[in-house]
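Derivation of every value follows stated rules applied to the coordinates shown; laboratory data play no part. These numbers come from a predicted model, not from an experiment. Reconstructed Cβ throughout: ideal geometry from the backbone, glycine too, with neighbour counts over all protein chains shown.
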Amino acid sequence: FTHSSNLLLHRRTHAGARTHECPTCAKAFVSEACLQKHLQSHAAAPTLLPAPAAAPEPLWRCSVCPLSFTSEEELLGHQGSHAAPAETPPASPHRCPTCGKTFKNSSGLARHRHGHAAERPFKCSLCPKTFTQLSGLLGHQRSH
């Protein structure tokens, strides 16, 4: 900064000391000069606030309950809440007998069951960790 007073003004922007308030919009500034510059924005272009929009009148009424909506899309979305609950899908036939986890297919279950086996043939060459599947070892080795 070329002057110490400019540095002082700049520091106030970080300190939160905004004591000069705009009488039009209540925005606060660190100095009278900043406030005066801001006031010019009100003089240059008066701010026009949009007129508050009237709330749309509900036109779509639910035939099941007393609610009504402003669009057919909203009504249709709501009517889904009155629909009978969907049937639950049948239980998966591919369930692990050890832990109960289910799988979409038998190969997923077979791969999972290797995890419960005592055999862990894939050993990391950098640490003592072992794995039941090659993919587990390869993923682990990326962590080294």
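In whole Å, what are the extents of segment 94-141 along the principal axes defined by its C-alpha atoms, from largest to smallest?
36, 18, 12
Taking H as built 1.01 Å from N, whose amide H comes closer than 5 Å to the amide H of residue 122, not counting residues under 5 places away?
Placed amide hydrogens put 131 under 5 Å from residue 122.
Net charge around residue 38, counting only other residues with Cβ within less than 12 Å of its Cβ (Lys, Arg = +1; Asp, Glu = -1)?
Taking every Cβ under 12 Å from that of residue 38, the sum is +1.
How far is it, in nm, from the label point at residue 140 to the one at residue 111 when both lie 7 Å from their Cα along the line to the Cβ?
1.8
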